[in-house]
């Protein structure tokens, strides 16, 4: 069904049931006609299913209105639409579903073409389709199937009914006197309603340059001369157009309350169980994280309390305890200095480490000693490679000691006090 479009022609009946037959055409993605036939919706062999379904509403069910609409947003315009066409309807506007098809071919850019259809009847059609598991993506009037060029009108006569369409989407629906029709199906004189419509368009300087009549009999049309004389308009006969795929840009009557469910909504419905499971997993994970954080916080508080108690026992004279580990280290360093013991960051301790290293190599004479930021560096010249290796090995045994050989056999020994 992928990339197929099904065109369903809804019968002009007051009620529809499971036995109601519909005519249809099936198109492929290249807009080529694959099949066409008719049958009941309930049987798949009668009416196939496609990725995109477009329904064709009978022209007599659609009323076209030209009306002025305020230059507001589309949302506000649609909200005001029912009241804007109230004076042009003979029934309660609440029973009508109206859709703006576009700007009318007039001198006023605020004049729009509006299509109105009985709300209850359209709802019954959609329920009837829904019973057959068909959800249409688009609904168009049968007038949309009449091809028409800019500045022209297109006309189709179907038995006792006629339909004329303008390029702006407005359509005229009228009856045809079958008794006056010739063998070709066309009367010598045009329908009176069509004559009035052309006269009204001419009064508003909107007269078409040509009227194209679509018929199956194009070889001989003796009625053309009478029509041109009565309508005061050029009349051209053309072959009835073949069935064609409906573009997405055609006037869609399924708007507002009748808008089809979006693809995003369908995906969301399909993915809802998975999304709920993901949300549950995330909730459980967050719960465990919160519990672990609470436990760690309780452990931290217990350790801080324990350190504070140890500090109080070691230094009972302390008044304020802000950071027990730091205060403990500072007090310990102070006690070491008072007793002549080098603190971990004392340069004297680093210098003692260097002296111990040099004690193993009494032949080395320090040439330069530098103390900076708790680090003691010693430079000396050692030309003998064996002595250098011995020094390097000894340095490797001393924590915080570093060994570097610079140009000219200058050996640098560095020891950093341990914090």
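The values are calculated or read from the model by the stated rules, or taken from the named source; none is laboratory data. Computed from a predicted structure; not experimentally measured. With ideal geometry, Cβ positions are generated from the backbone for all residues, glycine too; neighbour counts draw on all protein chains shown.
Do the conditions hold for residue 49, that is, is it without any contact (Cβ under 8 Å) to a residue 60 or more places away in the chain and surrounded by fewer than 17 Cβ atoms within 10 Å (Cβ to Cβ)? Steps first, please.
Details: without any contact (Cβ under 8 Å) to a residue 60 or more places away in the chain: no; surrounded by fewer than 17 Cβ atoms within 10 Å (Cβ to Cβ): yes.
Criteria not met by residue 49.
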Tally of residues being over 24 Å from residue 336 (Cα atoms), in a helix (DSSP H, G or I) and in contact with a strand residue (DSSP E or B) (Cβ under 6 Å, 6 or more places away or on another chain) across the range 349-407: 2
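Filter the range 376-390 for residues that are closer than 20 Å to residue 350 by Cα and in contact with a helix residue (DSSP H, G or I) (Cβ under 7 Å, 6 or more places away or on another chain); which is surrounded by the fewest Cβ atoms within 10 Å (Cβ to Cβ)?
Narrowing the range 376-390 to residues closer than 20 Å to residue 350 by Cα: 376-380, 390.
Narrowing the set further to residues that are in contact with a helix residue (DSSP H, G or I) (Cβ under 7 Å, 6 or more places away or on another chain) leaves 376, 378.
Values: 376: 23, 378: 20.
Among those that are closer than 20 Å to residue 350 by Cα and in contact with a helix residue (DSSP H, G or I) (Cβ under 7 Å, 6 or more places away or on another chain), it is 378.
So which of 319, 285 is out of contact with any helix residue (DSSP H, G or I) (no Cβ under 8 Å at 6 or more places or on another chain), at pLDDT 80 or above, over 25 Å from residue 349 (Cβ atoms) and loosely packed, with under 12 Cβ neighbours inside 10 Å?
Working: 319 fails: at pLDDT 80 or above.
Selected residue: 285, the only one of 319, 285 that is out of contact with any helix residue (DSSP H, G or I) (no Cβ under 8 Å at 6 or more places or on another chain), at pLDDT 80 or above, over 25 Å from residue 349 (Cβ atoms) and loosely packed, with under 12 Cβ neighbours inside 10 Å.
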Residue ranges of strands (runs of 3 or more DSSP E) in the range 1-103 with at least 3 members over 27 Å from residue 166 (Cβ atoms) and modelled with pLDDT of 85 or more: 21-27, 33-40
Failed item, numbered, when residue 370 is tested on (1) surrounded by fewer than 15 Cβ atoms within 10 Å (Cβ to Cβ); (2) under 14 Å from residue 414 (Cβ atoms); (3) modelled with pLDDT under 80: (3)
Odd one out for residue 232 among (1) at pLDDT below 80; (2) over 44 Å from the mean Cα position of the chain (by Cα); (3) exposed (fewer than 14 other Cβ atoms within 10 Å of the Cβ): (1)
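What number of residues within the range 404-415 satisfy the criterion of being under 13 Å from residue 358 (Cα atoms) and in contact with a helix residue (DSSP H, G or I) (Cβ under 8 Å, 6 or more places away or on another chain)? Don't jump to the end; show me each part of the working.
First pass over the range 404-415, keeping only residues under 13 Å from residue 358 (Cα atoms): 411-415.
Then drop every residue that is not in contact with a helix residue (DSSP H, G or I) (Cβ under 8 Å, 6 or more places away or on another chain), which leaves 411, 413, 415.
Adding up the residues that qualify gives 3.
Is it true that residue 30 is over 35 Å from the mean Cα position of the chain (by Cα) and loosely packed, with under 11 Cβ neighbours inside 10 Å?
Values: over 35 Å from the mean Cα position of the chain (by Cα): no; loosely packed, with under 11 Cβ neighbours inside 10 Å: yes.
Here the answer is no, as residue 30 does not meet what is asked.
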